[in-house]
Structure formats: structure tokens, C-alpha cells
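The values are calculated or read from the model by the stated rules, or taken from the named source; none is laboratory data. Because the structure is predicted, anything quoted here is derived from the model rather than measured. Here the Cβ positions follow ideal geometry from the backbone for every residue, glycine too, while neighbour counts run over all protein chains shown.
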Amino acid sequence: MLEGGRNLNDMMEIKDEVKDAIRCGMPVVALESTIIAHGMPYPENVETALAVEDIIRKEGVVPATIAIIGGVLKIGLSEKEIEYLATAKDVMKVSRRDFPYAMAMGANGATTVSGTMIAAGLAGIRVFVTGGVGGVHRNAEKSFDISADLTELSRTGVAVVSAGVKSILDIGLTLEYLETEGVPVVTFGTDDFPAFYSRKSGFKGSCSVSEFEQAAGIMKAKWDLGLSGGMIIACPVPGKFEIPLEEMEVTIDKALKSAEREGVRGKELTPYLLSTIKELTGGKSLDTNRHLVFENARIGAGIASAYAKLERR
């Protein structure tokens with residue numbers, strides 16, 4: 001029973017197929033919902049969300065897209081709920097800070113990386129697939145703008161499969177922050193830490209693996225040791241959809257200058273930059289974003305399957 005008399009079961013609704021999979025020790029992959037409500041335009045957001053779920057299902061894994069609808073934390077959405085979330089006008093972005101308000105007020109909320117990690121942890125889901133993780137913003141020494149995603153990675157025991165951190169961020173400082181917080185940064189199929197749109201950033205993770213079982217083994221060893229927090233498993237975008245880092249840096253610089261002129265900051269900065277980058281690249285960045293999420297879904301499903309096998313042993 002939670003403080004105030006509300007039971008967690010009254011606040012959280014787990015879709016039947018997700019509940020059954022968790023109970024039977026079968027693999028489940030959590031998915032965020034900000035990419036649906038805030039990350040992509042309609043109808044591409046719905047098409048991408050359903051395609052990602054389909055990729056995961058084809059790998060024999062159950063997808064669990066997470067959101068808050070009417071103040072209820074939903075672990076696994078129906079197609080109708082995904083469509084609703086993609087078109088509703090009153091959808092909050094929900095991280096750790098925002099859960100109490102969203103649920104108490106009966107609001108609709110799309111979970112960020114940190115929000116999805118919390119929900120997945122509550123439901124007992126160990127693998128979460130997203131596009132890119134938040135991090136330390138450029139010029140953070142002046143703005144103190146550091147994503148709550150990084151703090152959550154040091155707290156919540158979920159492995160986050162992504163294409164690295166968004167390249168609009170300061171990747172070097174983000175990796176330094178994660179090292180300080182003791183968060184393993186595992187690169188998958190590469191020695192170079194990916195930069196979201198680009199396959200290489202010029203930085204390294206803490207280690208690299210090339211097999212699903214290796215990634216799952218690191219996850220299990222971490223949590224069997226009683227070490228708190230999660231980890232990042234960073235996967236490069238498929239080569240034919242890559243936007244080279246040098247090209248992206250020019251585009252990002254233009255987007256940052258535009259944000260500065262417009263006075264955009266705080267939680268509005270990331271969606272503004274991503275929208276501006278989409279315009280500057282003629283939509284190419286959106287196509288890259290879609291395909292890197294598809295690749296992450298495939299890899300995340302493989303890792304979830306391998307981890308479930310280790311747990312069953």
C-alpha cells in the first residue's frame with residue numbers, strides 16, 4: 001500500500017500479454033512514448049511506434065509501450081491508445097519529477113527516457129529500447145542543463161538500448177558524468193560510441209560487445225553483484241542511413257544559434273533543436289531517426305531474449 005492509501009495496482013495497469021510474459025519469465029522490451037507524442041509528426045509517429053512493436057514481436061519478444069493516460073500508468077498500449085497519444089493535444093512530457101502531478105491530476109503523459117525507466121522498473125522489465133538518451137547540454141557550465149536521464153541511469157536497474165546520446169549534446173561531458181555515476185556504457189558491434197545520427201563520435205564507451213549474450217551477461221553480473229542503477233547499450237545507426245558527424249555538426253551549430261536567438265531553453269530546447277534539424281536536413285534526420293530506432297529494437301529484443309534465458313537458468 002502506498003502512502004495516502006492508494007495501492008500501486010490502482011495506479012498502474014499492465015497489459016495482459018505483458019503481465020503474462022513477465023510472470024512466465026519471458027522476454028519483454030519497454031518502449032517510451034515521447035517519440036509518439038513529441039518526437040515525430042503525425043502519422044509518422046504512429047507508423048514508427050507500431051513498426052517498432054512489430055520488429056520486437058517478430059523476434060519473439062513482447063513489446064510494452066509505456067505512457068500515462070487519464071492519470072493511469074499504462075505498461076503496454078493498445079493500437080487505439082497509441083493513436084490517441086499521437087493526436088491528443090494535452091500530453092505532458094513525464095520524467096521522475098512529473099509523475100506525481102500527472103497521476104494526481106488525471107493527466108495524459110508521454111514518458112521520457114527517465115520516466116520509462118521508472119515505469120519499467122516498477123513492472124519488472126529489464127530492457128528498454130529508445131532512440132537516443134539525454135545528457136549534458138552544450139554550454140552546461142553556464143546553463144546547468146543536464147538531463148534527468150543521466151541521474152535515472154544511476155538509480156534504476158534497467159538497460160537502455162539506444163543509438164548513444166543525442167548529438168545535439170556534449171557527448172564527452174555526458175560520458176564523464178556517466179563514469180562518475182558508475183553507469184556502464186557498452187557499445188554494441190563497435191568500439192566507437194555512436195552519436196545518434198552518426199555512427200562515430202570520436203569517443204569510446206567503457207567496453208564493447210558483439211553478441212546479445214555478452215550484453216545480457218554484463219547486465220546479470222551487475223545486478224547479481226547488487227550494484228544499483230542501469231546501463232547504456234549503444235548501437236550505431238545502420239550505415240546507409242547515417243548522416244556523417246562533420247555534416248551534422250554544421251547543422252547542429254545552426255540549430256543552436258537559432259535557439260539562442262529565439263530564447264529557447266530548458267525542457268523546450270531538445271524538441272526545438274530536433275525540429276530545426278529536421279527542417280535544415282530536409283527531413284533526412286527524421287528518416288535516420290526512424291531507422292536507428294528500428295535497429296535498436298532488433299538488438300534490444302535479442303538482448304532481452306538472452307537475458308531472459310540467463311534468468312531462467
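Of the residues that sit in the range 80-110 and are small (Gly, Ala, Ser) and farther than 16 Å from VAL52 by Cα, which one is surrounded by the most Cβ atoms within 10 Å (Cβ to Cβ)? Checked the range 80-110; the qualifying residue surrounded by the most Cβ atoms within 10 Å (Cβ to Cβ) is GLY109. Going by the conditions given, is LEU77 at negative phi, part of a loop (DSSP other than H, G, I, E, B) and crowded, with 22+ Cβ neighbours inside 10 Å? Yes. Just one of the listed residues (THR34, THR65) is crowded, with 18+ Cβ neighbours inside 10 Å, hydroxyl-bearing (Ser, Thr, Tyr) and at pLDDT below 95, and it is THR34.
Yes/no per residue for (1) assigned to a helix (DSSP H, G or I); (2) touching a helix residue (DSSP H, G or I) at 6+ places or on another chain (Cβ under 8 Å); (3) on the phi < 0 side of the Ramachandran plot:
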{"residue": "MET117", "(1), (2), (3)": "yes, yes, yes"}
{"residue": "LEU122", "(1), (2), (3)": "yes, yes, yes"}
{"residue": "ILE125", "(1), (2), (3)": "no, yes, yes"}
{"residue": "SER167", "(1), (2), (3)": "no, yes, yes"}
{"residue": "LEU175", "(1), (2), (3)": "yes, no, yes"}
{"residue": "VAL183", "(1), (2), (3)": "no, yes, yes"}
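Within 18 Å of LEU153 (Cα to Cα) and charged (D, E, K, R) - does that describe any residue in the range 223-237? Don't jump to the end; show me each part of the working.
Pass one, the range 223-237, residues within 18 Å of LEU153 (Cα to Cα): 223-235.
Next, only the ones that are charged (D, E, K, R) stay: 224.
Yes, because at least one residue in the range 223-237 is within 18 Å of LEU153 (Cα to Cα) and charged (D, E, K, R).
Restricting to the range 240-273, what's the tally of residues that are over 21 Å from ARG97 (Cβ atoms) and of a type in the set (Phe, Trp, Tyr)? Summing the residues that are over 21 Å from ARG97 (Cβ atoms) and of a type in the set (Phe, Trp, Tyr) in the range 240-273 gives 1.
Within the range 145-157, residues that are under 21 Å from LYS220 (Cα atoms) and in contact (Cβ under 8 Å) with a residue 60 or more places away in the chain have Cβ atoms under 9 Å from residues that are among the aromatic types (Phe, Trp, Tyr) and not in a loop (DSSP other than H, G, I, E, B) in these pairs: GLY157/TRP223, counting only partners at least 6 apart in sequence or on another chain. LYS284 fulfils the conditions (1) loosely packed, with under 14 Cβ neighbours inside 10 Å; (2) over 20 Å from GLY25 (Cα atoms); (3) not polar (S, T, N, Q) except for a single criterion, (1).
Can you confirm whether LEU85 is part of a helix (DSSP H, G or I), of a type outside the set (Val, Ile, Thr) and touching a strand residue (DSSP E or B) at 6+ places or on another chain (Cβ under 6 Å)? Don't jump to the end; show me each part of the working.
Numbers: part of a helix (DSSP H, G or I): yes; of a type outside the set (Val, Ile, Thr): yes; touching a strand residue (DSSP E or B) at 6+ places or on another chain (Cβ under 6 Å): yes.
Here the answer is yes, as LEU85 does meet what is asked.
Against the list (1) under 20 Å from VAL293 (Cα atoms); (2) among the β-branched types (Val, Ile, Thr); (3) at pLDDT below 95, the condition VAL113 fails is (3).
Residue under question is THR151, and the condition is that it be surrounded by 16 or more Cβ atoms within 10 Å (Cβ to Cβ), at pLDDT 95 or above and farther than 23 Å from VAL209 by Cβ; does it hold? Steps first, please.
Values: surrounded by 16 or more Cβ atoms within 10 Å (Cβ to Cβ): yes; at pLDDT 95 or above: yes; farther than 23 Å from VAL209 by Cβ: yes.
It is true that THR151 is surrounded by 16 or more Cβ atoms within 10 Å (Cβ to Cβ), at pLDDT 95 or above and farther than 23 Å from VAL209 by Cβ.
Picking from residues in the range 223-275 that are among the hydroxyl-bearing types (Ser, Thr, Tyr) and assigned to a helix (DSSP H, G or I), the one that is modelled with the lowest pLDDT is THR270. Within the range 139-168, the set of residues being of a type in the set (S, T, N, Q) and under 12 Å from the mean Cα position of the chain (by Cα) comprises just one member, SER162.
Return the residues of the range 215-248 that are loosely packed, with under 14 Cβ neighbours inside 10 Å and free of Cβ contacts under 8 Å to residues at least 24 places away in the same chain; say none if nothing qualifies. Of everything in the range 215-248, those that are loosely packed, with under 14 Cβ neighbours inside 10 Å and free of Cβ contacts under 8 Å to residues at least 24 places away in the same chain turn out to be ALA221, ASP224, LEU225, GLY226, LYS240, GLU246.
Filtering the range 185-210 to residues that are modelled with pLDDT of 95 or more, surrounded by fewer than 16 Cβ atoms within 10 Å (Cβ to Cβ), touching a Phe, Trp or Tyr at 6+ places or on another chain (Cβ under 9 Å) and part of a loop (DSSP other than H, G, I, E, B) leaves only SER210.
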